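Beneath this line is the structure, given in structure tokens, with notes to follow.
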Amino acid sequence: MTGATAPAGLARERTALAWRRTALAFAGNGILLARSSDLWIVVAAFAVLALAAGIAATSALAFRNPDTHGWIADRKRRGDALLVMLAAAIGVLDVVAIARWHD
């Protein structure tokens, strides 16, 4: 690596893009789950889609501007914790749906 520093805000932009890719992957997962004939898996699929939309919206708010203040994008970075909780909720729903699918 050279001594040159990266332009300000690049890490924030990369993190925002990573969360948007995560939301897109979860949305695709929800679409695949929605194709099931089991009502409970379809309900879980719509919950996964809603949480994926929440991840996309939260990441858009949390990483929009380095000078942003507020409950999502404050200096303490609580937006990251919310994103991780949403992703964990999707993981739990997926495990439940997969377990129910193979019953």
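I need every pair where a residue in the stretch 37-61 that is within 17 Å of Val84 (Cβ to Cβ) has its Cβ under 6 Å from the Cβ of a residue that is modelled with pLDDT of 85 or more and of a type in the set (Ser, Thr, Tyr), sequence separation at least 6 or different chains. Cβ pairs passing all conditions: none. Scanning the stretch 5-40 for residues that are among the aliphatic types (A, V, I, L, M), at pLDDT below 80 and under 20 Å from the mean Cα position of the chain (by Cα) returns Leu10, Ala11.
The values are calculated or read from the model by the stated rules, or taken from the named source; none is laboratory data. The shown structure was predicted, so the numbers you read here are calculated from the model rather than taken from an experiment. As a convention, Cβ positions derive from the backbone with ideal geometry for all residues, glycine included, and neighbour counts pool all protein chains shown.
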